[in-house]
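Presented below is the structure to which this report refers.
Computed from the coordinates by the stated procedures, all read-outs in this text should not be read as laboratory data. Note that the structure is predicted; figures quoted are calculated from it, not measured. Heads up, the Cβs are rebuilt from the backbone with ideal geometry, glycines too, and the neighbour counts pull from every protein chain shown.
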């Protein structure tokens, strides 16, 4: 099936989200984000829980951490815990992020993410993130040490983008 184009469009922005709580200027307003997501979900054949997951992810992608958190904390699934962990990593509340990543257990998205991150990080200073199965705890530690404006920071932003894409792919496949 793949990710519907109107859902993908919500996550197509000129800049990637920060690894932290910083908001970008080039994002949808919260009302635009909610409206676009609601309209796109009307055309998607998914349930209420998956719809909430997509809305929470869209809000987080567009830097509305508190609004995303209000939704993700009520999604009691591995996907919900995973998104909740990403949100806390961005706050930054690293120990809470690790708590939520721990709750994902044997998350099937990690296999998909391992493949994606190997392509992104291959022969870089962050290639250790690609050894074996995806480790969200190592990602949290890497984000906590990354300095804005560095090559490592930009690579981790690409990995974060891959995390969102993996979540979407899992939802629509």
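Some points to look at:
- Within segment 106-145, backbone nitrogen closer than 20 Å to the virtual label 7 Å beyond the Cα of residue 18 toward Cβ: 140-145
- In this calculation the C-beta distance from residue 91 to residue 29 is compared with R0 = 25 Å, giving a FRET efficiency of 0.70.
- Axis of helix 136-145 versus longest Cα principal axis of the chain: the two differ by about 70°, to the nearest ten degrees.
- Taking every DSSP helix (H) stretch of at least 4 residues in the chain, weighting each as -39,500 (n - 2.57) and dividing the sum by the residue count yields a mean residue ellipticity at 222 nm of -19500 deg cm²/dmol.
- Here segment 125-150 is scanned for amide nitrogen atoms under 16 Å from the site 7 Å beyond the Cα of residue 78 along Cα-to-Cβ, giving 133-137.
- Helix 78-90 vs. the chain, principal-axis angle (Cα, 0 to 90°, nearest 10): 60 degrees
- The Rg/Rh ratio for segment 94-168 is 0.93, where Rg is the radius of gyration of the alpha carbons and Rh is the Kirkwood radius.
- The chain: angle of helix 30-43 to the longest principal axis, Cα-based, in degrees nearest 10: 70 degrees
- Enclosed volume per residue, in Å³, of the convex hull spanned by Cα atoms of the chain: 107 Å³
- Spacing of the modelled spin labels on residue 125 and residue 151, each 7 Å from Cα toward Cβ, amounts to 0.8 nm.
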